[in-house]
1. Which residue, of B:ALA289, B:ALA245, is at the interface with another protein chain (Cβ under 8 Å from one of its Cβ atoms) and farther than 25 Å from B:LEU175 by Cβ?
2. Kindly establish whether B:SER247 is under 26 Å from B:ALA99 (Cα atoms), in contact (Cβ under 8 Å) with a residue 40 or more places away in the chain and crowded, with 22+ Cβ neighbours inside 10 Å.
3. Considering only residues of the stretch B:66-83 that are of a type in the set (D, E, K, R) and in a loop (DSSP other than H, G, I, E, B), which is modelled with the lowest pLDDT?
4. Out of the residues in the stretch B:93-135 meeting the condition of being more than 11 Å from chain A (Cβ to nearest Cβ) and over 20 Å from B:VAL191 (Cα atoms), tell me which one is surrounded by the most Cβ atoms within 10 Å (Cβ to Cβ).
5. Inspect the stretch B:47-65 for any residue being outside any helix (DSSP H, G or I), in contact with a strand residue (DSSP E or B) (Cβ under 8 Å, 6 or more places away or on another chain), surrounded by 13 or more Cβ atoms within 10 Å (Cβ to Cβ) and of a type in the set (S, T, N, Q) and give the result as yes or no.
6. Based on what the data block shows, is B:PHE38 at pLDDT 85 or above, farther than 30 Å from B:ARG268 by Cα and not in a strand (DSSP E or B)?
7. Are any residues in the stretch A:102-125 closer than 20 Å to A:LEU90 by Cβ and in contact (Cβ under 8 Å) with a residue 40 or more places away in the chain, and if so, which ones?
8. If we only count helices (runs of 4 or more DSSP H) wholly inside the stretch B:138-193, which ones have 3 or more residues that are surrounded by 21 or more Cβ atoms within 10 Å (Cβ to Cβ) and among the aliphatic types (A, V, I, L, M)?
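The values are calculated or read from the model by the stated rules, or taken from the named source; none is laboratory data. Treat the numbers as computed from the prediction; the structure is a model and nothing was measured. Please note: Cβ atoms are built from the backbone with ideal geometry, for glycine as well, and neighbour counts cover all protein chains shown.
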Amino acid sequence: MSARRPLVPTRYYKLFGRGWIGAAFVFLYLPIVALVLFSFNDSPLPVVWGGASLRWYRGLLQDEELLEGLWLSLRIAFYTGIGSIVLGTLAAFTLVKYRRFLGRTMFSGMVNAPLVMPEVIIGLSLLFMLVTMQRWLGFPERGLLTIWLGHLLVGMAYATVVIQARLQDLNPELEEAATDLGARPIQVFFLVTLPLIVPSLLSSFLLTFTLSLDDVVLSAFLSGPGATTMPLVIFSRARLGMRPDINAAATIIIGVVSMGVVAGSLLISRAERRRAAEMAAAQRA
Amino acid sequence: MSRPLVASFFDRVHAHPLFRRHSRKAVIALPYAWLLVFFLLPFLIILKISVSETQEVLFAPLIRVEDTSVHLSVRLGNYLAIATDSLYYKTYVASLKYAAVTTLWCLFIGYPFAYFMARARPSLQPALVMMVMLPFWTSFLLRVYAWKGLLMEDGWAARLLVALHLDDLLLRLDLISAPGKFMNTPFSLAVGMVYTYLPFMVLPLYATLSKMDLRLLEAAADLGATPWVGFWKITVPLSKAGIIAGSMLVFIPCIGEFVIPELLGGPRTLMIGRVLWDEFFSNQDWPRASSVAVVVILIIIVPLALFNRYQAEAKEARA
C-alpha cells in the first residue's frame, strides 16, 4: 500500500502502540513467568525466594494421585481430539456445503452455543440427561466415557469453527475440476477436499486436546468415583491455597503444551506454504 | 486394491438408490442428531426436573393418567423461591455486573491491543497472534491459580499496586476491604476474569481489523478527515462485528463462571455459578440447581441469539 500522505504516523502514535502491546503482553505473561520461577523455589512460601531447588519436581514423581489423574486426562484429551475432528468436519461440511435444509438456523445455533454457554450449565444438564439415560438403559456408568461426552460437545464446537473457516477459503474450482473429470462426490471429498483441510484438522486436534486437558467444571459434574482427572486434582489442591508442587506440575504442563503448540503451528504453516507454492506452480503450468 | 477397483466401488456405492437419495441427509443427520441428543435434550430434562416433585430418590412424572382423567403436576416452588429469596436476586444481579465490567475492561484493553497488532508490520503479525493464543492454549486453571500468588500479600502484583498507591483508590471504590490486601475481593475476581477472557476479545477484534480496507482511511484523509475522525467514523464502525462477537464471547461465559470466583473471589463476591455448584454438590438439591440453571439460560438467551447472528454474519462475509 502506498500512502500519499502519512495517515497518522506521528512518533507518539507508534510509541503508544508499542507501549500498549508491550503492557498487555506483560499482563498476559506475568502469571506464567511467576508460576515457572516459583516452581524452582526452595521455600514453600510463594512470595519468598529461598534459593533454587528441584525438590518439588522430585516430589511429583511420587505423587500417585496426580500421575493417575494425568494418565486419565491424557486419554480423555486424545479421544476428545479425535471425536472433535470427526464431528467438527461433518458439521462444518454441512454448514458450508448445504445452504438450505430444514432447521439450518437451529443447527448453526446449536453448533455455536457451546462456545459461550457457561460450563456449569452444560455440565449440570448433560449430567442429568446421562443419569436419566442410565436409569432407563442401564448405561453409561459415570467415568471416562461421560467426561469424554462432555468434552466432545465443547470440542466439536471449536473444531467446527476452525474447519469451517478453512472449508470456506478453499478454491471451489478444485472440487469442480475433480467433478468434471468424473470423480464421484465421495471421491472428491476423500481425494481433494480432505487433503486440503488437513492443516485445520490438525489445529482443531491440538486445540480440543488442550481444552480437554484443562477442563475442571465439566469433568467435576461428569466424573464418577475413581475417575479423577488431573485438573480436578490440581483444582482441589489450589482451592486450599498456594502449593509449590502445583507450580512444578504447572511448569511441566505449560512447557510441554507450549512446545507442542508452537511446533504444531510451525509444521502446519510450513505445510501450508509448500502447498501454496505447489498450487501456484500448477496454475502457471 | 488397485485404482480401478476403488473407482468401481465408488461407482457402485453411488449408483445405489439408497445413496442417491440419502447421502446428503446422512451427512447432515449425524451431527444434527448428536447435537439434539447431547445439547438440546439435556436442557429439556433440566426444565422438567426443575418443576418435578421428588418421589423418594426419583422424580414423579409430570403427567399421570388415572382412570379417565389426566393429571399434570407442575411444581413452581423452586422458581418462587428464586423470585422471593433476595440472595438469588442479588447473586444474579452481581453476576451480570461482573460480566459487564469484565467485558468493558476487555474491550478497553483489547481494542487498542488488537488495533495496533493489525497495523503492525505484516511479517510480525503471525508471531503476535501466536503470542496472544499461547496463554489461551496453556492451562487456564493454572494461570488463574498463579494470580493467587501474585495478588497475595507481598506478591509481585500486590507490591506494584501498593507502590503505585493504587490500593488507596481501590479502597475508596470499595473494591478491596483493607489497604494492601487484594486477594478474595471484588478486585481480585475482576482481575482474574479480565485476564482470562482478554484473548477471547482480542482475537475476533484482530480478525475484523486486519481485514479492513485501509484505502478507506486514505480516502477519508484526502477528503480532509483528521486521523482521529477517520478512526471513529470508519475503523470503529467497520469493526462492529468483531466488537459484538468479542463482547459476547466474554460476557456470556462470565455470567456463569465458577473456577475464577472459587479461586480468586471471596465471601463478598456472589456469583451464580458458585450458587449452582453449591446447590448441586453441597445441598444435593437437584430441582433447585436445575431451576437456577434454567433462569441463567433465560438470561443469556438474548445475548446468545445476538452472538449467533454475528457469528453467522461474519462467516457469510468470509464466503
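1. Values: B:ALA245 fails: at the interface with another protein chain (Cβ under 8 Å from one of its Cβ atoms).
Of the residues listed, the single one that is at the interface with another protein chain (Cβ under 8 Å from one of its Cβ atoms) and farther than 25 Å from B:LEU175 by Cβ is B:ALA289.
2. yes
3. Here is the first cut: in the stretch B:66-83, the ones of a type in the set (D, E, K, R) are B:66-67, B:75.
Subset that is in a loop (DSSP other than H, G, I, E, B): B:67, B:75.
On the way: B:ASP67: 73, B:ARG75: 79.
By that ranking, first place goes to B:ASP67.
4. Among residues in the stretch B:93-135 that are more than 11 Å from chain A (Cβ to nearest Cβ) and over 20 Å from B:VAL191 (Cα atoms), the one surrounded by the most Cβ atoms within 10 Å (Cβ to Cβ) is B:GLN125.
5. yes
6. On the way: at pLDDT 85 or above: yes; farther than 30 Å from B:ARG268 by Cα: yes; not in a strand (DSSP E or B): yes.
It is true that B:PHE38 is at pLDDT 85 or above, farther than 30 Å from B:ARG268 by Cα and not in a strand (DSSP E or B).
7. Kept after step one, since they are closer than 20 Å to A:LEU90 by Cβ, are these residues of the stretch A:102-125: A:102-115.
If the condition is that a residue be closer than 20 Å to A:LEU90 by Cβ and in contact (Cβ under 8 Å) with a residue 40 or more places away in the chain, then A:VAL111, A:ASN112, A:ALA113, A:PRO114, A:LEU115 are the ones that fit.
8. Working: elements: B:140-151, B:156-163, B:166-172.
Qualifying helices (runs of 4 or more DSSP H): B:140-151.
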